[in-house]
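Novice: Take this structure, written in structure tokens, and hold onto it; I'll ask about it next.
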Ligand SMILES: Cc1ncc(COP(=O)(O)O)c(C=O)c1O
């Protein structure tokens, strides 16, 4: 028998939407991806870069670092770039956590967070969301101790789609002692209409322990390329992340695509507008079916099926109709729920039609 490291027994396996053996669904609304293909200028930039793939990528991601620094008005040395924002998250766990250290985050939240404590042997303190399925920041603050090295706030929160306003986030960051790093995971911030998505960046100047984690996977529609970044309140954090990561961690195609996508801000904003339209349509549809839902500030919604409804039967019924979404209980919910990414208008209509049929076939017990 092969003997693996002890931590392998603790590390949860990342839940793959729909499992490996599913037949190809017609409508994929399970991974919070963009339904829109990459912009044509981005595709052209990728094509131009193909000829250089015999070379390693720029390890410093110089052009992308400059573009991010200009776009967000943050020094280039305060920017970390990775193979998706997950890469940065895992590196932060490696750089900060060890046995005896603590990490604080809400639950349910992004399914990768439990990996950090499991991989490092640190203690995870998870704090329940409030009755609106938002982060309870006061309760999280009560869990911060001298042993806390990392606090993560997912805003908007995956999987519940809810967000907190900047004023609350700012007070929270100010209250966390500086020995602990605070990561605000802003993977979906562009879809949050509560505040200007970039307003949080002003906090970096006051908090050297703050990290804003962002990605090109969602609003920029580049999930398949894997590129994410962090804007940090100090140089120390990006330096430590680089110490624990492999060099050349962001591939050449991802670097040029991200630079090009940043240059097309108007198209990105137009996609947000279309997504928010779908949010409204989806909420109307859910209301018509008598379902409750959390207040979404993301590119997905969190539909409550009701305690008496069999979530698994609903999921199965949707799959039989070619629609793939995520089961809430698999994402940490104690109540039956569905996490549904907003797709194209016709995909969302197909989902709502299928859901109406399934709810008829699977009535509440
Ligand atoms: C909250 C949150 N953070 C980070 C990520 C990771 O994104 P990526 O690694 O594609 O940048 C995701 C992806 O679903 C997410 O939901």
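The values are calculated or read from the model by the stated rules, or taken from the named source; none is laboratory data. Computed from a prediction, not measured in an experiment: that's the story for all the values here. Please note: Cβ atoms are built from the backbone with ideal geometry, for glycine as well, and neighbour counts cover all protein chains shown.
Novice: Somewhere in region 191-198, is a residue more than 18 Å from the chain's Cα centre (by Cα), within 16 Å of the ligand (Cβ to nearest atom), surrounded by 15 or more Cβ atoms within 10 Å (Cβ to Cβ) and not in a helix (DSSP H, G or I)?
Specialist: No: zero hits.
Novice: Another question, if that's okay. Within the set of pairs 6+ apart or on separate chains, which have a first residue in region 122-149 that is over 22 Å from residue 163 (Cβ atoms), a second that is exposed (fewer than 15 other Cβ atoms within 10 Å of the Cβ), and C-beta atoms under 7 Å apart?
Specialist: Pairs that qualify, where the first residue is over 22 Å from residue 163 (Cβ atoms) and the partner is exposed (fewer than 15 other Cβ atoms within 10 Å of the Cβ), are 122/98; 122/99; 147/100.
Novice: Does region 251-266 contain at least one residue that is surrounded by fewer than 24 Cβ atoms within 10 Å (Cβ to Cβ), within 15 Å of the ligand (Cβ to nearest atom), closer than 19 Å to residue 135 by Cα and at pLDDT 95 or above?
Specialist: no
Novice: Any residue at all in region 253-275 that's within 21 Å of the chain's Cα centre (by Cα) and farther than 25 Å from residue 45 by Cβ?
Specialist: no
Novice: List every residue pair whose Cβ atoms lie under 6 Å apart, where the two residues are 6 or more positions apart in sequence or sit on different chains, the first residue falls within region 213-225 and is under 23 Å from residue 203 (Cβ atoms), and the second residue, located anywhere, is within 8 Å of the ligand (Cβ to nearest atom) and not in a loop (DSSP other than H, G, I, E, B).
Specialist: 213/85; 213/185; 215/85; 215/228
Novice: Here are 296, 333: which of them is assigned to a loop (DSSP other than H, G, I, E, B), surrounded by 16 or more Cβ atoms within 10 Å (Cβ to Cβ), touching a helix residue (DSSP H, G or I) at 6+ places or on another chain (Cβ under 6 Å) and in contact (Cβ under 8 Å) with a residue 24 or more places away in the chain? Lay out the reasoning, then the answer.
Specialist: Details: 333 fails: touching a helix residue (DSSP H, G or I) at 6+ places or on another chain (Cβ under 6 Å).
Criteria check complete, one pass: 296.
Novice: Step by step: first the residues of region 199-222, then only those that are part of a helix (DSSP H, G or I) and touching a strand residue (DSSP E or B) at 6+ places or on another chain (Cβ under 8 Å), then the one that is nearest to the ligand (Cβ to nearest atom). Which residue is that?
Specialist: Step by step, filter region 199-222, then rank; the result is 200.
Novice: What residue, among those in region 147-158 that are assigned to a loop (DSSP other than H, G, I, E, B) and within 13 Å of the chain's Cα centre (by Cα), is farthest from residue 210 (Cα to Cα)?
Specialist: Of the residues in region 147-158, the ones assigned to a loop (DSSP other than H, G, I, E, B) are 147, 155-158.
Then keep just the ones that are within 13 Å of the chain's Cα centre (by Cα); that gives 155-158.
Values: 155: 14, 156: 17, 157: 18, 158: 20 Å.
Among them, the one singled out is 158.
Novice: State all residues of region 103-114 that are more than 12 Å from the ligand (Cβ to nearest atom) and touching a helix residue (DSSP H, G or I) at 6+ places or on another chain (Cβ under 7 Å); if no residue qualifies, say none.
Specialist: Passing the criteria: 103, 104.
Novice: Need the failing condition index for residue 182 against (1) within 17 Å of the chain's Cα centre (by Cα); (2) part of a loop (DSSP other than H, G, I, E, B); (3) at pLDDT 95 or above; (4) more than 12 Å from the ligand (Cβ to nearest atom), just the number.
Specialist: (2) is the only condition that residue 182 fails.
Novice: Given (1) surrounded by fewer than 19 Cβ atoms within 10 Å (Cβ to Cβ); (2) in a helix (DSSP H, G or I), where does residue 42 come up short, assuming only one miss?
Specialist: Of everything listed in (1) surrounded by fewer than 19 Cβ atoms within 10 Å (Cβ to Cβ); (2) in a helix (DSSP H, G or I), residue 42 misses just condition (1).
Novice: What do you reckon, is residue 8 part of a helix (DSSP H, G or I) and either surrounded by 17 or more Cβ atoms within 10 Å (Cβ to Cβ) or touching a strand residue (DSSP E or B) at 6+ places or on another chain (Cβ under 8 Å) (or both)?
Specialist: no
Novice: Moving on to the next point. Does region 147-158 hold any residues that are away from the ligand (no atom under 16 Å from the Cβ) and crowded, with 20+ Cβ neighbours inside 10 Å, and which are they?
Specialist: Of everything in region 147-158, those that are away from the ligand (no atom under 16 Å from the Cβ) and crowded, with 20+ Cβ neighbours inside 10 Å turn out to be 148, 149.
Novice: In addition: Hey, could you check region 205-233 for residues that are buried (at least 18 other Cβ atoms within 10 Å of the Cβ) and out of contact with any helix residue (DSSP H, G or I) (no Cβ under 7 Å at 6 or more places or on another chain) and say which is nearest to residue 267 (Cα to Cα)? If you could, list the steps in order and put the result at the bottom.
Specialist: If we filter region 205-233 for residues that are buried (at least 18 other Cβ atoms within 10 Å of the Cβ), which is where we start, we get 207, 209-222, 225-233.
Checking which are out of contact with any helix residue (DSSP H, G or I) (no Cβ under 7 Å at 6 or more places or on another chain) leaves us with 209, 217-218, 221.
Working: 209: 33, 217: 15, 218: 14, 221: 11 Å.
Applying the filter and picking the extreme gives 221.
Here is a yes/no grid of residues against (1) farther than 14 Å from residue 209 by Cα; (2) in a strand (DSSP E or B); (3) more than 16 Å from the ligand (Cβ to nearest atom); (4) out of contact with any helix residue (DSSP H, G or I) (no Cβ under 7 Å at 6 or more places or on another chain):
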residue	(1), (2), (3), (4)
138	yes, no, yes, yes
145	yes, no, yes, yes
160	yes, no, no, yes
172	no, no, yes, no
178	no, no, yes, yes
